[in-house]
Amino acid sequence: MSIKKTGIIIGCLLMMAMILTPAWAQDVTKLSYPQLNKLEIPKVEKITLKNGIRLYILEDGSLPILEASVRVNCGSYLEPADKVGLAEICGEVMRTGGTSKWSGDKIDEMLEGVGASVETSIGMSSGNASVNALSEHTDLVLEILSEILRRPAFNEDKIELAKVGRRSDISRRNDDPSDIGSREFRKIIYGPESVFARHTEYATINTITRDDLVDFHKKYYHPENVQIALWGDFKRKDIVDKIKNYFGDWQRGDMKVPPPPKVDYKFESKVHYIFKGDVNQSNIYLGHIGGLIADDDYADRIVMNNVLGGGFGSRLFNTVRSKEGLAYTAIGFYTSNFNYPGVFYNYAATKSKSTCKAIIEIIKQIKGIQTDPPTVDEMHFGKDGYLNSFVFNFDTKAKVVNRMMNYDFYGMPEDFLQKEKEKVEGVTPEAVVKAAQRNLHPENLHVLVVGRQEDFDMPLSELGLGPVETIDITIPAEK
Amino acid sequence: MIRYILSTLILISIFLFAGISAAIEFDVKEFALENGLKVLILEDHSAPVVSYIQYYHAGSKNEQLGRTGISHLFEHMFFKGTKMVGPEEHDVIIQSNGGIDNAWTGWDCTCFYENLPSDKLEVAIRLESDRQQNLNLTNETLESEREVVKEERRWRTDNDITGFYGAIAEQIQNFTFVAHPYHWEIIGFMNDLDHITLEDCLIHYRIYYAPNNSVVIIAGDINSAEAMRLMQKYYGSIPSQEPPPAVTVVEPPQEGERRADFHRAAQLPAFAVSYHIPNMSNPEFASLELLNNILFEGRSSRAYKRMIYDEQMAQMVNGEVLTCEQPGWWYMMVRMQEGFTTADGEKALYEEMERLKSELVLEKELLKAKNKVESDLIFGLQTNENRGTDIGYWQVLTGDYHNLYNYLENVKNVTPEQIREAAVKYLDSKNRTVVTLVPLQSEED
């Protein structure tokens with residue numbers, strides 16, 4: 001048999017095999033795809049009004065709706081330590097307590113009568129408002145938004161209601177083990193008094209007065225601190241005119257808002273335990289301080305996170321969940337924030353008798369990523385997942401316009417995302433290992449377990465991770 | 001996150017309210033393969049992304065006592081590989097291609113989905129068609145996934161008292177239904193999870209995971225003809241199966257209030273209430289949805305305003321009219337404030353219900369409820385995944401997605417008299433089940 005003939009026969013066999021091979025049996029990695037249609041990134045227009053309000057405008061006539069989000073430069077980090085909860089209550093009662101023009105109940109009726117919503121809140125690092133309405137009700141919701149942001153009445157009844165709600169939250173805060181864990185782990189990382197971790201107590205709620213809310217609002221709610229993103233079914237000129245109509249005569253203030261404080265963190269290895277007697281599962285948290293989005297190796301950490309603990313296919317998922325069946329959820333992320341460090345945290349909830357086994361396995365995986373470079377498949381998974389999903393950063397108008405508002409607030413370049421994409425394309429397995437070595441400290445982890453120690457597979461003290469400190473989560477009684 | 005159970009109801013999504021119909025009317029193209037697989041396609045070229053959603057008409061309702069939870073466990077097993085794809089590799093392939101994938105199980109159906117850049121549609125079709133026919137079920141993968149599901153049950157049900165799938169919600173189902181398979185929670189009883197065998201899984205796979213028991217929805221920046229060419233290529237040769245056995249159990253009428261106490265460590269009391277109601281295809285369902293709206297939706301709703309604002313007795317009041325294929329239940333949950341008992345809460349809640357039975361609701365209040373349904377609908381239509389999920393849900397559970405248009409029409413036409421009739425008929429104490437959370441701490445005190 002000649003070589004040529006053999007070649008023909010093999011070729012025929014291959015062709016027959018291809019014909020006989022059902023479609024599902026073809027190698028999924030060898031599929032060829034059509035060209036992705038061009039990604040048209042919608043253009044957001046930024047306008048600054050004379051009084052300093054920054055607008056971000058994006059027309060979208062696909063549905064007959066108007067949506068808006070507001071960001072105000074303030075946050076709970078600005079409230080005094082003996083009045084924790086002030087900012088949160090202020091954010092709530094701005095909406096529920098009515099304005100100088102309408103009561104809160106009247107606003108409820110006006111909005112709910114047309115299926116619209118205007119909501120406000122104040123979080124750790126920003127004040128926020130959101131607006132949803134059919135576009136035919138644009139004037140109504142913008143006027144209500146303006147009244148709420150500019151002239152809240154801070155009705156005493158609604159303040160008391162908000163305080164009753166906070167007291168109730170305090171009394172229930174130890175019911176759910178995962179709530180306990182996430183709250184206490186932040187305190188372990190940032191410190192119990194830190195503005196990034198502290199929480200309300202009966203005493204702090206009781207000291208908050210209407211005057212405090214009025215003062216807080218008066219201090220920070222000024223047009224130069226306000227950004228408004230608007231998207232939906234409108235014409236650019238019309239919506240700008242309406243904003244000018246409802247917000248144009250808002251006078252500037254003179255308060256310079258201080259930034260959040262620096263975080264002082266010292267690495268150490270320690271085990272923390274919280275007794276929860278009525279559960280059959282341990283909630284486990286491991287980690288230490290995290291980083292900033294502006295860090296040089298942020299792109300390397302994106303890939304590192306995906307490989308280590310970023311969901312399906314990650315090392316933590318594959319081992320703790322899929323291989324060992326130890327947990328329903330097993331995740332690990334080195335998180336980053338714009339203006340204060342994030343947290344490196346790993347989490348799993350496992351049955352009590354596999355508590356220490358799960359801890360050991362998670363630490364093994366953290367150590368592993370510092371020594372074992374990602375395989376070709378892992379790099380494919382860790383990078384391509386990010387790169388191929390890039391279009392999903394632009395699949396809704398809300399994502400596009402809100403991102404621009406946030407980047408503008410933090411002074412990030414508008415094309416930050418595109419630049420990061422280019423950086424992720426260039427990440428190598430070695431860079432992932434270096435990022436893990438630089439940023440992860442498996443020898444200096446805080447471990448927190450919420451559960452029943454008597455049911456664990458071994459005492460926490462035998463893990464060799466440092467002293468075990470029992471955290472008392474008894475709620476200080478209301479005086 | 002992953003593989004979650006159907007959390008809230010996939011309520012009502014695509015309706016055609018007068019005045020906005022043109023703006024939200026979708027061009028749904030309908031196809032069917034010879035093996036019975038139904039395909040619905042919604043082209044949307046606003047962004048180069050696509051959602052691929054595959055429903056199977058099998059949920060916890062299709063289970064038997066002793067094997068409860070198998071639908072949800074099987075949903076997990078669907079990620080354990082095929083002859084061509086290794087365990088968990090499905091997720092890795094989808095994510096490497098820039099997508100996300102997940103699945104959920106409900107009382108009446110199970111749903112798998114992928115959101116991808118639109119050029120990668122074929123990989124979703126390839127993978128879903130593969131696991132419809134070539135799932136690699138082994139004792140090893142069953143054992144590991146069984147443990148994962150048991151952890152999920154501990155996390156979602158055992159240790160979450162008042163969550164939507166928490167311990168009280170499970171108790172309410174257990175007491176509301178005595179014969180119908182809605183008696184058990186989707187996650188199943190822990191002991192049953194321990195006794196599901198590989199043979200059970202193989203039977204479940206053969207009976208329910210056939211093309212003629214499935215609906216696929218493709219929504220996004222794709223060409224319908226090309227999408228159907230791929231569907232034919234990958235699914236065309238999969239044989240159809242005998243239709244699954246129908247669930248014929250009928251829940252006997254409830255003839256008196258059922259009550260149960262539930263003792264757990266907690267700070268404050270809470271209670272859940274349920275009433276038997278008709279299924280989502282019933283014309284009265286629209287009145288019930290509006291009734292729920294009038295009682296619970298928004299700060300100006302009756303129960304919210306009275307119990308939270310005016311009397312400040314409750315921390316949370318919530319009601320959901322559950323969209324079920326067969327006669328289901330209306331689920332309500334109230335968490336009390338300190339200083340108030342569940343008896344206080346029940347009294348206030350039932351008094352508001354009595355008002356709805358004795359007085360006609362004002363047109364203005366009814367219109368407000370209709371507007372809320374309308375706006376919820378429109379704001380829920382902003383992603384391919386939501387549109388596809390909702391259309392598919394109505395298609396699978398009612399046999400025709402057009403029924404949601406009928407539903408909208410019903411909502412639009414509900415009168416104050418119909419609201420009162422529905423309140424009298426369903427909010428009857430004899431039709432009621434109550435589960436009360438008794439904090440253990442209080443008992444010790």
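Give, to the nearest whole percent, the P(r) tail of region B:373-421 beyond 12 angstrom, counting all Cα pairs. Within region B:373-421, distances greater than 12 Å cover 69 percent of Cα pairs. Note that region A:147-267 carries a Kirkwood radius of 18.3 Å, evaluated over its alpha carbons pair by pair. Summarising the strand pairing of the protein assembly as shown, around 75 percent of its internal DSSP beta bridges are antiparallel. The calculated 222 nm mean residue ellipticity attributable to helices in chain A amounts to -11500 deg cm²/dmol, summing -39500 (n - 2.57) over DSSP H runs of n ≥ 4 and dividing by all residues. Estimated from the Cβ-Cβ distance and a Förster radius of 41 angstrom, the FRET efficiency linking A:Lys262 and B:Gln64 is about 0.10. For region A:36-165, report the % of Cα-Cα distances exceeding 25 Å. Of all Cα-Cα distances in region A:36-165, 34 percent exceed 25 Å.
Counting beta carbons within 10 Å around each of A:Arg236, B:Arg153, A:Arg452 and listing the fewest first gives the order A:Arg236, A:Arg452, B:Arg153. Here each label is just a point 7 Å from Cα along the line to Cβ, and for B:Leu198 and A:Lys353 those points are 2.4 nm apart. So, R0 is 51 Å and r is the distance between the beta-carbons of B:Asn413 and B:Asn134; what FRET efficiency does that work out to, to 0.05? For B:Asn413 and B:Asn134, the calculated efficiency is 0.55. Debye-formula intensities of chain A, expressed as log10 I(q)/I(0) at q = 0.06, 0.07, 0.11 Å⁻¹, are -0.37, -0.49, -1.09 (one equal scatterer per alpha-carbon, no solvent).
Spread over its residues, the convex hull of the C-alpha atoms of region A:352-479 is 227 Å³ per residue. Take the Cα radius of gyration of region B:33-235 and divide it by 2.2 N^0.38 Å, N being the number of residues; the result is 1.07. What is chain B's relative contact order, in percent, from Cα pairs under 8 angstrom and six or more apart in sequence? Rounded, it is 23 percent for chain B. Over the Cα atoms of chain B, each weighted equally, I'd like the Debye log10 I(q)/I(0) at q = 0.08, 0.12 Å⁻¹, rounded to two decimals. The calculated log intensity ratios at q = 0.08, 0.12 Å⁻¹ are -0.48, -1.06. Cβ-Cβ distance of A:Asn51 and A:Lys237, R₀ of 22 Å, FRET efficiency by 1/(1 + (r/R0)^6): the value works out to about 0.70. By DSSP, the beta bridges lying fully in chain A are antiparallel in about 75 percent of cases.
Relative to the longest principal axis of chain B, what angle (0 to 90°, nearest 10) does the C-alpha long axis of helix B:121-133 take? Result, in degrees: 80.
Pairs of Cα atoms in region A:270-470 fall into 5 Å distance bins, from 0 up to the last occupied one, in shares of 1, 8, 15, 17, 18, 14, 11, 8, 5, 2, 0 percent.
In whole percents, the pair-distance distribution calculated for region A:45-247 from its alpha-carbon pairs, binned every 10 Å from zero, is 9, 32, 32, 20, 7, 0. Shape summary of region B:17-108, radius of gyration then Dmax from alpha carbon positions: 17.6, 52 Å.
The Rg/Rh ratio of region B:258-444, with both radii computed over alpha carbons and Rh defined as the Kirkwood radius, is 1.00.
Each Cα pair under 8 Å and six or more residues apart adds its sequence gap; the mean of these over the residue count of chain A is a relative contact order of 19 percent. The Cβ shell under 11 Å around A:Ser62 holds other residues with a net charge of -3, Lys and Arg each +1, Asp and Glu each -1. Scattering from the protein assembly as shown was approximated by placing one identical point on each alpha carbon and applying the Debye formula without solvent; log10 I(q)/I(0) at 0.05 1/Å stands at -0.30.
We did not get these values from a lab; they are worked out from the coordinates using the rules stated. A quick note: this is a predicted structure, and the numbers were derived from the prediction, not measured. Cβ: placed from backbone, ideal geometry, glycine included. Neighbour counts: every protein chain shown.
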